[in-house]
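Heads up, the thing below is written out as structure tokens.
The values are calculated or read from the model by the stated rules, or taken from the named source; none is laboratory data. Since this is a predicted model, take the numbers as computed values, not measurements. Methodologically, a virtual Cβ is constructed for each residue, glycine included, from the backbone with ideal geometry; neighbour enumeration extends over all protein chains shown. Keep in mind that these areas ignore ligands, DNA and RNA; they rest on the heavy atoms of the full protein, side chains included. Shrake-Rupley method; radii C 1.70, N 1.55, O 1.52, S 1.80 Å.
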Number of protein chains: 4
Amino acid sequence: MNRKLRMGMVGGGSDAFIGAIHRLAAFMDNQIELVCGCFSVHPEVSQASGKLYYLPADRVYDTYQEMFEKEAKLPEGDRMDFVTIVTPNFAHYDPAVMALDHGFHVVIDKPITLTLEQAVSLKEKLDETGLLLALTHVYAGYPAVKEAKERFRRGDFGEIRKVIVEYPQGWLSAKLEDTGNKQASWRTDPKRSGKAGCMGDIGTHAHHLAEYITGLKTTQISADLTAFIPGRQLDDDGTAMLRFNNGAKGVLIASQIAAGEENAVKIRVYGEKGGIEWAQQEPNTLWVKWTDKPTEMVRTGLGYMSDIAKHNTRTPGGHPEGYLEAFANIYRNFSLTLRARMNGEEPQPEWLDFPDVEDGIRGMQFIDKVVEAGYDDSKKWVDF
Amino acid sequence: MNRKLRMGMVGGGSDAFIGAIHRLAAFMDNQIELVCGCFSVHPEVSQASGKLYYLPADRVYDTYQEMFEKEAKLPEGDRMDFVTIVTPNFAHYDPAVMALDHGFHVVIDKPITLTLEQAVSLKEKLDETGLLLALTHVYAGYPAVKEAKERFRRGDFGEIRKVIVEYPQGWLSAKLEDTGNKQASWRTDPKRSGKAGCMGDIGTHAHHLAEYITGLKTTQISADLTAFIPGRQLDDDGTAMLRFNNGAKGVLIASQIAAGEENAVKIRVYGEKGGIEWAQQEPNTLWVKWTDKPTEMVRTGLGYMSDIAKHNTRTPGGHPEGYLEAFANIYRNFSLTLRARMNGEEPQPEWLDFPDVEDGIRGMQFIDKVVEAGYDDSKKWVDF
Amino acid sequence: MNRKLRMGMVGGGSDAFIGAIHRLAAFMDNQIELVCGCFSVHPEVSQASGKLYYLPADRVYDTYQEMFEKEAKLPEGDRMDFVTIVTPNFAHYDPAVMALDHGFHVVIDKPITLTLEQAVSLKEKLDETGLLLALTHVYAGYPAVKEAKERFRRGDFGEIRKVIVEYPQGWLSAKLEDTGNKQASWRTDPKRSGKAGCMGDIGTHAHHLAEYITGLKTTQISADLTAFIPGRQLDDDGTAMLRFNNGAKGVLIASQIAAGEENAVKIRVYGEKGGIEWAQQEPNTLWVKWTDKPTEMVRTGLGYMSDIAKHNTRTPGGHPEGYLEAFANIYRNFSLTLRARMNGEEPQPEWLDFPDVEDGIRGMQFIDKVVEAGYDDSKKWVDF
Amino acid sequence: MNRKLRMGMVGGGSDAFIGAIHRLAAFMDNQIELVCGCFSVHPEVSQASGKLYYLPADRVYDTYQEMFEKEAKLPEGDRMDFVTIVTPNFAHYDPAVMALDHGFHVVIDKPITLTLEQAVSLKEKLDETGLLLALTHVYAGYPAVKEAKERFRRGDFGEIRKVIVEYPQGWLSAKLEDTGNKQASWRTDPKRSGKAGCMGDIGTHAHHLAEYITGLKTTQISADLTAFIPGRQLDDDGTAMLRFNNGAKGVLIASQIAAGEENAVKIRVYGEKGGIEWAQQEPNTLWVKWTDKPTEMVRTGLGYMSDIAKHNTRTPGGHPEGYLEAFANIYRNFSLTLRARMNGEEPQPEWLDFPDVEDGIRGMQFIDKVVEAGYDDSKKWVDF
């Protein structure tokens, strides 16, 4: 198969945030082209957006249902290979299932669905169809994060004891959802966002990052969630204490009222002999700490990095990569795997390193558990 | 009174850690001189230390009891004015009480006593004698910390919503107490250290810093404490979730098994309009964050600092001060207050800004509560 | 014109460095597609590369001459719109002139040509044909750099007094050109690189950045160039003192033997009232300094940024952009301008903000002058 | 000799800057006591200052001449051991010579004298009397600087190739000397400051630091000096290119019009295999860079530091030391050496590590040469 992979899109009109990110990430590596889309529930917005993306009018659809049906009938050489779903959470599950039913692979933004039940059901559909799904937990896409994971995997630091993961933002410090801000509006609305606000939107990222790097599983959680803004229906701040399956302890802090913070994802993990620190806003540096020698400033793009980090790096040392490249790593690994599958070949192990439906289910469990723990003052620990 | 204040010392032999710090801090400003001491339970160590400190042999005592008795009988122009107690926790209370009974003011290292009861009793003794006590919660001595406190006090950021305070160290990642390390030995021994290990040694600092800067009081605490090193009798790691009297939420992380960390005290406090971040290892910078304008790098020694910060700064901008100067600020404010008292004058308000017995009681309450909460999986919140 | 712009490429085979960067940058925004190329002087490498880029075999050419001739004969709806030239310096001029002669716009890597004469001649050809040329001085593509330029332009800091620009790298600390390293080999070879080594490769970037941000022109230069590695034919290190047309003074440091440095481009500019600092390895932060108030951490993606910075930013605050996005900004502005021209419309002023042939000539003058000054111990200042 | 060393002081009244620094540094370690002084040319200021320093009135003198004469006649057990001279530059030489003539050792602030001739003459006097002199080049007192020196001395990085040392300040961005500012007034006055302004005040520090760490000697200098503020008589900004005796190249940047900078001393030195970076405003970190492995964050107070760094450190890792402790290291090494001399013992090698008259002469040569080079556009290199 000597052609680019063909992507369709649900959501992602020209006024949307995350849809634009997905396109930048998908196109960068010249492996994927956009061939069709239903970019909005408003047909005129969808058509206008499609035009901006240089699509022919007949590949821009009024509904996703129409898209899946018509695309499925196109000849193999024309129709899309996979669909990217970038709608608000409540509108993930239905198009995903329909896409799978029509034979299309799926890329989907996190959290994977509105409820845990939907996530489990989506996994069954994937098992049934044998199709691929990638979930864009972008922070796991950074090469320095993969380096951290690799170093714990190979045992550099001994047994893990302590995990501190945090995700402070400040953008919801005021009641932005009352000002017409589209992002704030749906993210604070339980009907569209689900049972968690801050914890669903960004707590899931922090939790995924912690389990991804450490390879551990959370077994118990204790939490305190708050909606600081009067009238806000979902949590805008929370802290959780975590216990892991190896006996390690953790703390997860997520906030959208940390006034003045941008998007300060940060994780520290400590083992017996040392540990790591990584902060997303300066993503090309991994701090590696030791009990008996100097802290090392491990940098992406340099010769000493592990193979998995190198595979996910595009530029040499000192030429900083960022959020879009981390996002693109998910698309690239997904597309390498998909292409191998379409060619009847075995994907290389490092290509399989993208978040999938299992991560999605794990995220929905996290949301369920943190919400259960977060408002009940009588129960200290919730089993995970 | 035109002379330096005269200090005696209990503990602080030439092989001790914190005693050396107290002397550096006390002498720097040329306001205090060492006139006597009982530097060790071993008389020969005490004498040898006294010689190194250029004391005459007859002012170096074998026991603190002997010291207080003999010094009290010296003429007013010769005898010490106050005593600094820098022994392990279990040996704070008795000499402090005896010093007060003999008319000597007291400086004491934290935590103030071995138990909350002792702390309360010590306060009664202070009330009774009308003497002064300073507690060396050093982190409250930094000018940037005082600047932070001032900015919250005057309302720059609106109501406080979230406090994140952390104190990770890595020095107890191995079982150092089995290697003959004197510091590790007493700090992990409940008889000498008290009911908490990590939380008593450094958690108290973190808690003090949080309440000092915010002016808030903790009302409820939930915690998870761990002793990661097999055979260690006291906690070497812990996380606590906090609730404050204004409705703010907090998290306190303290660890001595955060392998590779030095002494990474850090606090972030967020209000409605912005917040602050301060990290002790780069102590001359206070980060001030805003929802609507750039983060500011507020620096000690510069003209725009508030009066309270300036009062606690010795050098101009860009000439970094550190831990010893923060420590010296406590001694300086204590000695300014004491000198005023001895001169029958009213101390200026900024001189009174040093931790005292109330902070000590608060610290012992914190230890009690965090230990109560930290091992009980059945009770989520402990009232403070 | 509702289609992507069509790009051809000279150089940029699958084993090349800068060609890959150009493609990533060009494709990201979905405005440009690759339609043809001559990717190597070795036809088999060119064909293999073209296949990897999903080109049909008949649009992959053995020579650039063949490419320009054949593409020029294709119907308007098929043939390329512009060519990107990413060969070593000595092979810039000829294909650029031939492209222009056949009616193709040009994107070219820096330095623009091998000699100043070629650069001047290229400008004449551009004037004659009326076609567009973009020069990829990538560091001018960063939004924080544009913000810095804007703030000096509008006079925030008063008259500029001092400029410190530096570009240390360490990758040529050993004689890499003897090890078969392709990048090192041509860059240290006067026949392929030109009369300067380090100063041509990276000194030109530093000089461009300084003049771009300040809006000043260098009038005099004094320099000391060195080839530290025995047998190396071109400078691998140098310092230059600069004088500017408004009386400001500057210093430019470029090195490829700064062992342990990655790609540490940094610039500081001081005016009467304050100044800026920007370091490329953490590119989303612009430090803004003042004589009388705190240093500000100005961050890309935030609401207070100027319009020109916002126009060149793709992600919200805290979602770091990097080198590829800076590079892509040049392609995007070039393509916006080109599209407007092709549509007979007036480009918006901010679209014209990409380096062009004038910057290229300025760069070649810098190379001439710094080399003239850099080896002559008898002449202190060379007029610029 | 079991007593503190006795210090007298010339200059350093209660309104002076550097005198206060000297006292803080001298007293901290409990090795030195102030016994007398002539703190001002105004007798009443001198007396008032002496009272603040708790001196008896009869040890506070109206003139330094009177002080040296009267102190010399006091019994050995009472009179001062050494004098610290902290007057403006023009008033260094005469009291220093007179002190030596009366048998007193000397500590003196930099630059050592007003002219090179005076410095040479002072050395002759020292040789003649056999007394000690310490020069307070404070930046050489930092433990991380000593660690850097040690690592180059033992050859970790191979031959040194490049040195970049800089000292930007912004405090003279406006014409402060016209506002009654005492510090600005004498430092910009050739009669009191000498032939250089910025280069004498802070350029000498930068030059000393470069030669101290590298162990190299400057052999040639090229410079461009400027007085940016109209009417200012001495340079307030300058850049110098340096050549060293081993063939290394360097650049020295000093400025007092770098608006918004505090006291940003920074040095980078590169050898064949790696190098170091140290910035005074975060002085406890030494960055160690390598061509083939991660940059290391080497930190004062940690176990892996070399003996010379440990000898000059008072606190454990993570308890930051600063400017005053660096200053105190000079006093401590001077006093250890002096005490050994007074006891007829051989000082340990590490005690001798304080700047002395040779460093002072070197500094005066630097001033002479940089001024000679800095205003002559016809001569590129001045031999050093």
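Observations on the structure shown:
- Residues of the stretch B:203-219 satisfying the condition of being surrounded by fewer than 21 Cβ atoms within 10 Å (Cβ to Cβ) and out of contact with any helix residue (DSSP H, G or I) (no Cβ under 9 Å at 6 or more places or on another chain): B:Thr219
- Output for the stretch B:137-172, where each listed residue is within 22 Å of B:Asn245 (Cα to Cα) and part of a loop (DSSP other than H, G, I, E, B): B:Arg154, B:Gly155, B:Asp156, B:Phe157, B:Gly158, B:Glu159
- Qualifying residue in the stretch C:51-66 (condition: part of a strand (DSSP E or B) and either touching a helix residue (DSSP H, G or I) at 6+ places or on another chain (Cβ under 6 Å) or within 28 Å of A:Pro316 (Cα to Cα) (or both)): yes
- From the list C:Ala25, C:Ala20, the lone residue that is within 13 Å of chain A (Cβ to nearest Cβ) and in contact with a helix residue (DSSP H, G or I) (Cβ under 7 Å, 6 or more places away or on another chain) is C:Ala25.
- Within the stretch C:288-310, if we keep just the residues that are assigned to a strand (DSSP E or B) and closer than 25 Å to D:Gln256 by Cα, the residue that is farthest from the other protein chains (Cβ to nearest Cβ) turns out to be C:Val288.
- Members of the stretch C:235-270 found to be open to solvent by 10 Å² or more (accessible area, probe 1.4 Å) and aliphatic (A, V, I, L, M), listed by number: C:Ala264
- Within the stretch D:174-231, the set of residues being more than 26 Å from C:Ala248 (Cα to Cα), part of a loop (DSSP other than H, G, I, E, B) and hydrophobic (A, V, I, L, M, F, W, C) comprises D:Leu216 only.
Here's the yes/no breakdown for (1) basic (Lys, Arg); (2) in contact with a strand residue (DSSP E or B) (Cβ under 6 Å, 6 or more places away or on another chain); (3) at the interface with chain D (Cβ under 9 Å from one of its Cβ atoms):
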{"residue": "C:Ala206", "(1), (2), (3)": "no, yes, no"}
{"residue": "C:Ala210", "(1), (2), (3)": "no, yes, no"}
{"residue": "C:Asp235", "(1), (2), (3)": "no, yes, no"}
{"residue": "C:Thr239", "(1), (2), (3)": "no, yes, yes"}
{"residue": "C:Gly247", "(1), (2), (3)": "no, no, yes"}
{"residue": "C:Leu252", "(1), (2), (3)": "no, yes, no"}
{"residue": "C:Ala264", "(1), (2), (3)": "no, yes, no"}
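- Residue in the stretch A:15-23 that is over 30 Å from C:Gly19 (Cβ atoms), assigned to a loop (DSSP other than H, G, I, E, B), aliphatic (A, V, I, L, M) and free of Cβ contacts under 8 Å to residues at least 24 places away in the same chain present: no
- Single unsatisfied condition, C:Glu345 versus (1) outside the structural domain of C:Leu225 (by TED's automatic domain parsing); (2) in contact with a Pro (Cβ under 9 Å, 6 or more places away or on another chain); (3) open to solvent by 50 Å² or more (accessible area, probe 1.4 Å); (4) not β-branched (Val, Ile, Thr): (2)
- Any hit, the stretch B:328-351, residues being within 19 Å of B:Tyr212 (Cα to Cα), of a type in the set (Gly, Ala, Ser), away from chain A (no Cβ under 14 Å) and within 15 Å of the chain's Cα centre (by Cα): yes
- Some residue of the stretch B:325-339 being more than 24 Å from B:Val269 (Cβ to Cβ) and surrounded by fewer than 16 Cβ atoms within 10 Å (Cβ to Cβ): no
- Screening the stretch C:250-272 for residues that are among the charged types (D, E, K, R) and assigned to a strand (DSSP E or B) and picking the one that is farthest from A:Glu321 (Cα to Cα) gives C:Arg268.
- Looking only at residues of the stretch D:63-91 that are more than 11 Å from D:Gly37 (Cβ to Cβ), of a type in the set (D, E, K, R) and in contact with a strand residue (DSSP E or B) (Cβ under 9 Å, 6 or more places away or on another chain), we find that the one that is least open to solvent (accessible area, probe 1.4 Å) is D:Asp81.
- Output for the stretch A:97-120, where each listed residue is surrounded by fewer than 23 Cβ atoms within 10 Å (Cβ to Cβ) and hydroxyl-bearing (Ser, Thr, Tyr): A:Thr115
- Count - residues of the stretch D:190-204 that are at pLDDT below 95 and within 14 Å of chain C (Cβ to nearest Cβ): 0
- Filter result for D:Tyr54 (open to solvent by 20 Å² or more (accessible area, probe 1.4 Å), within 14 Å of another protein chain (Cβ to nearest Cβ) and farther than 12 Å from D:Met9 by Cα): yes
- Count of the stretch C:30-49 residues, restricted to those that are within 13 Å of chain A (Cβ to nearest Cβ) and either under 11 Å from C:Gly11 (Cα atoms) or touching a residue at least 40 places away in the same chain (Cβ under 8 Å) (or both), is 5.
- Evaluating C:Asn329 against the criteria (1) touching a His at 6+ places or on another chain (Cβ under 9 Å); (2) outside any helix (DSSP H, G or I) leaves one unmet condition, (2).
- So A:Leu302, is it within 30 Å of B:Pro294 (Cα to Cα) and assigned by TED's automatic domain parsing to the domain that holds A:Ala206: no
- Answer residue from the stretch C:278-287, given it is facing another protein chain (nearest Cβ under 7 Å) and touching a Gly at 6+ places or on another chain (Cβ under 8 Å) and is least open to solvent (accessible area, probe 1.4 Å) among those: C:Pro283
- Cross-chain or 6+ apart pairs with Cβ under 7 Å, the stretch D:159-186 first and facing another protein chain (nearest Cβ under 10 Å) and surrounded by fewer than 22 Cβ atoms within 10 Å (Cβ to Cβ), then part of a loop (DSSP other than H, G, I, E, B) and at pLDDT below 95: D:Gln183/D:Phe17
- Of all the listed residues (B:Gly275, B:Gly318), the sole one being facing another protein chain (nearest Cβ under 7 Å), within 28 Å of D:Met28 (Cβ to Cβ) and either assigned to a strand (DSSP E or B) or open to solvent by less than 10 Å² (accessible area, probe 1.4 Å) (or both) is B:Gly318.
- Residue under evaluation B:Ala16, criteria (1) at pLDDT 95 or above; (2) surrounded by fewer than 23 Cβ atoms within 10 Å (Cβ to Cβ); (3) over 21 Å from B:Ala99 (Cα atoms), criterion not met: (1)
- Screening B:Thr291 on (1) open to solvent by 20 Å² or more (accessible area, probe 1.4 Å); (2) under 15 Å from B:Leu133 (Cα atoms); (3) of a type in the set (Ser, Thr, Tyr) shows it passes everything except condition (2).
- Residue selected from the stretch C:67-91 under the condition assigned to a helix (DSSP H, G or I) and of a type in the set (A, V, I, L, M), by the criterion farthest from the chain's Cα centre (by Cα): C:Ala72
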